[in-house]
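Enquirer: I have a structure here, written as structure tokens, and I will follow up with some questions on it.
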Amino acid sequence: MKHQEVLNQYAAQEQEALASYKLWWMYIHIVYEIKWDNTPTDRSKAVKQLLGYMRCILKEQLDRRFVLGFVLLYDELTLVSYD
């Protein structure tokens, strides 16, 4: 194989992997974050991380209107609806 053919094959494989990564978000119905400690710092970090996941889902699924999720901090459950 010539050098250019190898580069083209590698680029095609990379594009295929990227496309399958984007499709992965299409199958998620609900997101969650679980932390063992229930401190204000952990709560803030967990909610920010959950909102980041939700934002990615809405960005990839253009026909989706909202995402449901929850944060479980030891014995406290927080439900989140992101639109």
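Enquirer: Do you know which residues across segment 44-77 are among the acidic types (D, E) and closer than 19 Å to I34 by Cβ?
Expert: Within segment 44-77, D75, E76 meet the criteria.
Enquirer: Something else now. Which ones in segment 14-38 are open to solvent by 50 Å² or more (accessible area, probe 1.4 Å) and either part of a strand (DSSP E or B) or modelled with pLDDT of 85 or more (or both)?
Expert: I30, Y32, I34, K35, W36
Enquirer: So, one more: What are the residue pairs meeting all of these: first residue in segment 50-65, first residue assigned to a helix (DSSP H, G or I), second residue open to solvent by 50 Å² or more (accessible area, probe 1.4 Å) and among the acidic types (D, E), Cβ atoms under 9 Å, and 6 or more apart or on different chains?
Expert: L58/D83
Enquirer: I'd like to verify a number: residues in segment 44-83 that are more than 13 Å from the chain's Cα centre (by Cα) and surrounded by 13 or more Cβ atoms within 10 Å (Cβ to Cβ), how many?
Expert: Qualifying residue count for the region: 11.
The values are calculated or read from the model by the stated rules, or taken from the named source; none is laboratory data. Keep in mind it's a predicted model, so treat the numbers as computed, not measured. So basically every Cβ, Gly included, is an ideal-geometry build from the backbone, and we count neighbours across all protein chains shown. For accessibility, only protein heavy atoms count, side chains too; no ligands or nucleic acids. Shrake-Rupley method; radii C 1.70, N 1.55, O 1.52, S 1.80 Å.
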